[in-house]
Amino acid sequence: MSVHENIRAVRRAKGLTQEEVAEKLAMSVNGYGDIERGLCDIKLTRLQQIAELFDVELAELFEDGSKNTLNLMGMHSTGTLHHHCVINSMSPEFSELRIELEKQRIMCSYKDREIELKNQEINYLKEINELLKNGGGR
């Protein structure tokens, strides 16, 4: 599937209407519909907003196993330039990035768990301190 087809599929899987998504992205329904139909260039920032709204990784919008093209627009002193960025989800670079992303997710989950345990330890120490202040619970 292409990027716009993936966006449509994820939206439907999330149970959202085009109107709801357009409203959350602060854009017109027709403008958002054009994205899903593949009728317009999509800025990378807009794709990131869509991924965040759907609670998916940006890379998931590109998954297909074939080449997907994303048109990125950049401003230049002479006017608007269109840059084409080809992302091949079968490339070694893509695979390496995916592996690195998964490593980072795992590290974050371990750090979150460590923080949770440290907060529990702090609460236990506060309770012990209160008991000691109050005469050891006598």
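The values are calculated or read from the model by the stated rules, or taken from the named source; none is laboratory data. All figures in this text were calculated on a predicted structure; none of them were measured in a lab. Quick reminder, even Gly has a Cβ in these numbers, built from the backbone with ideal geometry, and neighbours come from all protein chains shown.
All of (1) under 17 Å from the mean Cα position of the chain (by Cα); (2) closer than 16 Å to E60 by Cα; (3) assigned to a helix (DSSP H, G or I) hold for E36 with one exception: (1).
Would you confirm whether or not the range 71-78 contains a residue that is more than 24 Å from D41 (Cα to Cα), surrounded by 10 or more Cβ atoms within 10 Å (Cβ to Cβ) and either polar (S, T, N, Q) or at pLDDT 50 or above (or both)? No: the range 71-78 contains no residue that is more than 24 Å from D41 (Cα to Cα), surrounded by 10 or more Cβ atoms within 10 Å (Cβ to Cβ) and either polar (S, T, N, Q) or at pLDDT 50 or above (or both).
Taking the criterion of being surrounded by 14 or more Cβ atoms within 10 Å (Cβ to Cβ) and touching a residue at least 24 places away in the same chain (Cβ under 8 Å), the residues of the range 28-37 that qualify are I35, E36. Close Cβ contacts (under 8 Å, 6 or more residues apart or on different chains) running from residues in the range 95-109 that are under 13 Å from E57 (Cα atoms) to residues that are in a helix (DSSP H, G or I) and not β-branched (V, I, T) comprise L97/A59; R98/A59; L101/A59.
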